[in-house]
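Data block below; observations after.
The values are calculated or read from the model by the stated rules, or taken from the named source; none is laboratory data. All values derive from a computational prediction rather than experimental measurement. Heads up, the Cβs are rebuilt from the backbone with ideal geometry, glycines too, and the neighbour counts pull from every protein chain shown. Ligands, DNA and RNA are stripped out before the accessible areas are found, and what is left, the full protein with its side chains, is counted by its heavy atoms. Shrake-Rupley method; radii C 1.70, N 1.55, O 1.52, S 1.80 Å.
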Amino acid sequence: SRPSSPRAGSGCCPRRARKATLTAAAKSKILKGLAHPVRVAVFELLAGSEMSAGQLAAALGIKESNLSRHLAVMKAAGLLSARKQGLHIFYSVKLPCLLAMLSCLDDGLCQLADEQREVARLIRGKKR
């Protein structure tokens with residue numbers, strides 16, 4: 001019988017690791033598409049219904065030229081769909097499952113704020 005090499009029996013592991021790396025990279029690309037406050041706000045605004053770039057810019061109080069760059073990043077990341085109607089382009093959420101993630105973040109932010117308030121209360125109580 002032949003002695004087994006250190007790699008014997010591990011043929012699936014490199015393949016699995018490669019798949020995990022590729023999947024992580026794809027997920028990272030999507031998350032990078034949301035990695036700006038304006039883009040998160042756009043995504044959440046579009047949760048209700050599709051909007052044009054002009055409507056989004058007015059709702060956010062920013063210039064359309066600034067918004068345009070953010071929309072391009074979001075489309076490239078696969079977050080948004082775009083539909084042209086006449087002279088306007090209407091945007092909508094392509095991955096609505098991410099809205100649940102953002103809702104979870106809202107809950108997490110509230111929990112962190114509550115914890116910080118409790119810490120502040122404890123600190124203030126010590127000083128008295």
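General remarks:
- Of all residues in segment 96-110, at least one satisfies being open to solvent by less than 60 Å² (accessible area, probe 1.4 Å), more than 19 Å from Lys29 (Cα to Cα) and either acidic (Asp, Glu) or not in a strand (DSSP E or B) (or both).
- Filtering segment 37-86 to residues that are free of Cβ contacts under 8 Å to residues at least 24 places away in the same chain, exposed (fewer than 12 other Cβ atoms within 10 Å of the Cβ) and not in a helix (DSSP H, G or I) leaves Gly48, Gly61, Lys63, Lys84, Gln85, Gly86.
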